[in-house]
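Visitor: Right, I'll just put the structure down here and ask away after.
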Amino acid sequence: MSMNYQKIPKIELHRHLEGSVRLTTIADEARKQNLPLPYKNLNELQRKCQLREPMNTLMDVINVFFATQPILGTPDAVRRITFELLEDAYKEGVYALEIRYSPEFLTHNHELTFADALMAIEAGIADARAKYDIQAGLIGIVSRMFEIESGTRTLDHMLAFPNSFIGFDLADDEKELDFDAFKTLTDRAKASGLGISIHSGEEIGTEVNVVPTIDMLSASRIGHGLQIIRDDSILREVKDRGTLLEICPTSNYLTNAVTSVATHPARVLLNKGIRLCINSDDPRVFGIDLSNEYKVCMEQLGFTKEEIQTTLRYALEDTFLNDDVKKYLHKKHFYFL
């Protein structure tokens, strides 16, 4: 008998707002806003906005996001995509979700201010929570593709709304990182009480970034981090620190971080004592959902039911959602952990 993966209660700590926009919503918003997107032909839109084969570099993937970014320019559109993200997640069996987004990317080339976007996102969350039993929190992303001034501006915005954000992230291209420049930001973020989850060790050759990201940038969680499998000494250091890896199998295949989904090192890492959880990353860009990632882990990577539960326990332990929410989630949905 095949397993119904949607029925597994889930927690997701790594899903991007900008990578979770329904194709039909892109088409509809393009029509509403009179934007030059191929909205009349969903097949054409899918080719432009969704990946099915691996791209050459992570930046090639990031460029796909720019195909959908033009529709994000109105409060109504941002509110809508936030609601739909949470609705989709709930239907995948997700009861707690950390939504991360880049204020700079979201508002880039739009009249929308950071505050406008945040209010629209929070309205979308409220809409979803009025309808579904799902807990949600926001992680603000500093995009490394922009200048450091953008990072300062983003963090200033986050700190101006202390009740709106639960975490801080650095994302995008991680080659030739200036750790000293970003340490100023992460020190401020940590001092303010924000959780620190940073994209690191995603692309081949970037495993050397992971330990400095933990030590210098105060990351308690690493977005991806799978490349530590390439270096036993780095792997041991990450294990010793107990840092959680936010693993995204299909994403890592489509960004060329692994040669195939079946060769993803997630289970090997878990068996070596690395704490990790399972995530979808950008479900609409990659044409997947979180249930698909659980299926991949169990049917292709060989995760047992007990190992899946271990990853859920790690996610519940390390979510940046507050302790009252954690207790509610444990009692209502994750009492089996």
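The values are calculated or read from the model by the stated rules, or taken from the named source; none is laboratory data. What you are looking at is a predicted structure, and each value in this text was computed from that prediction instead of being measured. Every residue, glycine among them, receives a Cβ derived from its backbone with ideal geometry; neighbour counts consider all protein chains shown.
Visitor: Specify which of the listed residues (188, 284, 267) is touching a residue at least 60 places away in the same chain (Cβ under 8 Å), surrounded by 16 or more Cβ atoms within 10 Å (Cβ to Cβ), in a helix (DSSP H, G or I) and of a type in the set (Lys, Arg).
Guide: Working: 188 fails: touching a residue at least 60 places away in the same chain (Cβ under 8 Å); 267 fails: touching a residue at least 60 places away in the same chain (Cβ under 8 Å).
Within the list 188, 284, 267, the selection yields 284.
Visitor: Among the residues of the range 211-248, which ones are part of a loop (DSSP other than H, G, I, E, B), surrounded by fewer than 19 Cβ atoms within 10 Å (Cβ to Cβ) and of a type in the set (S, T, N, Q)?
Guide: Result: 218, 220.
Visitor: Same structure again: What about residue 22, is it out of contact with any His (no Cβ under 6 Å at 6 or more places or on another chain), among the basic types (Lys, Arg), modelled with pLDDT under 95 and more than 29 Å from residue 318 (Cα to Cα)?
Guide: On the way: out of contact with any His (no Cβ under 6 Å at 6 or more places or on another chain): yes; among the basic types (Lys, Arg): yes; modelled with pLDDT under 95: yes; more than 29 Å from residue 318 (Cα to Cα): no.
So residue 22 does not fit the description; no.
Visitor: Next up: Any idea which of (1) at pLDDT 95 or above; (2) surrounded by 16 or more Cβ atoms within 10 Å (Cβ to Cβ) is the one residue 108 doesn't satisfy?
Guide: (1)
Visitor: Residue 106 - would you say it is closer than 16 Å to residue 80 by Cβ and either out of contact with any helix residue (DSSP H, G or I) (no Cβ under 9 Å at 6 or more places or on another chain) or touching a residue at least 12 places away in the same chain (Cβ under 8 Å) (or both)? Lay out the reasoning, then the answer.
Guide: Working: closer than 16 Å to residue 80 by Cβ: yes; either out of contact with any helix residue (DSSP H, G or I) (no Cβ under 9 Å at 6 or more places or on another chain) or touching a residue at least 12 places away in the same chain (Cβ under 8 Å) (or both): yes.
When the stated conditions are applied, residue 106 passes them.
Visitor: Residue under question is residue 312, and the condition is that it be in contact (Cβ under 8 Å) with a residue 24 or more places away in the chain, more than 21 Å from residue 17 (Cβ to Cβ), touching a helix residue (DSSP H, G or I) at 6+ places or on another chain (Cβ under 6 Å) and surrounded by 17 or more Cβ atoms within 10 Å (Cβ to Cβ); does it hold?
Guide: Details: in contact (Cβ under 8 Å) with a residue 24 or more places away in the chain: yes; more than 21 Å from residue 17 (Cβ to Cβ): yes; touching a helix residue (DSSP H, G or I) at 6+ places or on another chain (Cβ under 6 Å): no; surrounded by 17 or more Cβ atoms within 10 Å (Cβ to Cβ): yes.
No; evaluated as a whole, the condition is false for this residue.
Visitor: Under 8 Å by Cβ, and 6 or more places apart or on different chains, what pairs join a residue from the range 219-240 that is farther than 21 Å from residue 185 by Cα with one that is surrounded by fewer than 16 Cβ atoms within 10 Å (Cβ to Cβ) and of a type outside the set (A, V, I, L, M, F, W, C)?
Guide: As it stands, the answer is 227/205; 235/272; 239/272; 239/273, since those pairs meet every condition given.
Visitor: Just for the range 48-70: of the residues that are in a loop (DSSP other than H, G, I, E, B) and crowded, with 16+ Cβ neighbours inside 10 Å, which one is modelled with the lowest pLDDT? Spell out how you get there, then give the answer.
Guide: Step one: filter the range 48-70 for residues in a loop (DSSP other than H, G, I, E, B), giving 50-57.
Checking which are crowded, with 16+ Cβ neighbours inside 10 Å leaves us with 50-51, 54.
Values: 50: 85, 51: 82, 54: 87.
My answer is 51.
Visitor: Does the range 191-205 hold any residues that are crowded, with 24+ Cβ neighbours inside 10 Å and out of contact with any His (no Cβ under 8 Å at 6 or more places or on another chain), and which are they? First the steps, then the outcome.
Guide: Looking only at the range 191-205, we keep the residues that are crowded, with 24+ Cβ neighbours inside 10 Å, and these are 197-202.
Across the range 191-205, the qualifying residue is only 198.
Visitor: Additional query: Output the residues belonging to the range 172-201 that are over 15 Å from residue 215 (Cα atoms) and modelled with pLDDT under 95.
Guide: Residues satisfying the conditions are 172, 173, 174, 175, 176.
Visitor: Spot the failing condition for residue 73; the list is (1) touching a His at 6+ places or on another chain (Cβ under 6 Å); (2) surrounded by fewer than 17 Cβ atoms within 10 Å (Cβ to Cβ), and only one is missed.
Guide: Failed condition: (2).
Visitor: Now a separate question. Is there a residue in the range 297-317 that is within 20 Å of the chain's Cα centre (by Cα) and in a loop (DSSP other than H, G, I, E, B)?
Guide: no
Visitor: Just to be sure, is residue 156 closer than 24 Å to residue 113 by Cα and either in contact with an Asp or Glu (Cβ under 8 Å, 6 or more places away or on another chain) or modelled with pLDDT of 95 or more (or both)?
Guide: Considered against the rule, which asks whether it is closer than 24 Å to residue 113 by Cα and either in contact with an Asp or Glu (Cβ under 8 Å, 6 or more places away or on another chain) or modelled with pLDDT of 95 or more (or both), residue 156 comes out as yes.
Visitor: Does residue 259 qualify as being surrounded by fewer than 22 Cβ atoms within 10 Å (Cβ to Cβ), β-branched (Val, Ile, Thr) and within 20 Å of residue 281 (Cβ to Cβ)?
Guide: Details: surrounded by fewer than 22 Cβ atoms within 10 Å (Cβ to Cβ): yes; β-branched (Val, Ile, Thr): yes; within 20 Å of residue 281 (Cβ to Cβ): yes.
Yes; evaluated as a whole, the condition is true for this residue.
Visitor: Now for a separate question. Select from the range 123-153 the residues that are of a type in the set (D, E, K, R) and modelled with pLDDT of 95 or more and write down the one among them that is farthest from the chain's Cα centre (by Cα).
Guide: At the first step, the residues of the range 123-153 found to be of a type in the set (D, E, K, R) are 127, 129, 131, 133, 144, 147, 149, 153.
In the following step, the residues that additionally are modelled with pLDDT of 95 or more were identified as 127, 129, 131, 133, 153.
Details: 127: 21, 129: 20, 131: 23, 133: 20, 153: 21 Å.
Checking each candidate, the answer is 131.
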